[in-house]
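The values are calculated or read from the model by the stated rules, or taken from the named source; none is laboratory data. No experiment lies behind these values; they were computed from the predicted model shown. In this analysis, Cβ positions are derived from the backbone assuming ideal geometry, glycine residues included, and neighbour counts consider all displayed protein chains.
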Amino acid sequence: MRGIALILGLLALPARAEDPRLIRADAAGVLDLAAAQQAETFDELPNPFRVRYRPAAPVREVTLTIRAVAVPARPQAATVLINGRLYSPGDTWEGLSLTRIDPEMLELSAEGFLLQVPVEGRPATIRLLTR
């Protein structure tokens, strides 16, 4: 009986807030947040009265060079050296919030998207919409 009650209890849990959409670097080290944001603006169901043509939104490319990562026993105290400046979780870089620092990866978030930037020898390029 307890197993059935547990299952029914799990089914009754409220739905979580929408999980962020994940963006990873491609083979060239590019994370294209601008394209993902533009794709989100279209209707789920086709609307015959909607204007379909839109000029391309201006996009800017930002280079992210990671020089050093320090992850102590407390993850909240982790720091990373990005383009010559120190950042910690919760800091903002180019309008993106730094959510997590790992020895192998950084996580940046913006408007429901989660960007995973690998910590490797080459710089990553992030495409952002200009607003």
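For THR99, the conditions (1) under 19 Å from the mean Cα position of the chain (by Cα); (2) modelled with pLDDT under 90 all hold with the exception of (2).
Of the residues making up the stretch 82-90, one or more are under 15 Å from the mean Cα position of the chain (by Cα), of a type outside the set (Lys, Arg) and surrounded by fewer than 16 Cβ atoms within 10 Å (Cβ to Cβ).
The combined condition, being surrounded by 14 or more Cβ atoms within 10 Å (Cβ to Cβ) and not charged (D, E, K, R), is fulfilled by THR99. In the stretch 56-74, the residues that are touching a residue at least 40 places away in the same chain (Cβ under 8 Å) reach residues that are hydroxyl-bearing (Ser, Thr, Tyr) and in a loop (DSSP other than H, G, I, E, B) with C-beta atoms within less than 7 angstrom, at least six apart or across chains, in these pairs: PRO58/THR130; VAL59/THR130; ARG60/THR130. Within the stretch 50-73, the residues that satisfy the criterion of being of a type in the set (A, V, I, L, M, F, W, C) and modelled with pLDDT of 75 or more are ALA57, VAL59, VAL62, LEU64, ILE66, ALA68, VAL69, ALA70, VAL71, ALA73.
Taking the options SER97, SER109, name whichever one is assigned to a strand (DSSP E or B) and free of Cβ contacts under 8 Å to residues at least 60 places away in the same chain.
From the options SER97, SER109, the qualifying one is SER97.
Of everything in the stretch 63-81 that is under 20 Å from THR125 (Cα atoms) and of a type in the set (A, V, I, L, M), the residue that is surrounded by the fewest Cβ atoms within 10 Å (Cβ to Cβ) is ALA68. Exactly one residue out of VAL80, VAL117 is under 21 Å from ASP26 (Cβ atoms), among the β-branched types (Val, Ile, Thr) and outside any loop (DSSP other than H, G, I, E, B): that is VAL117.
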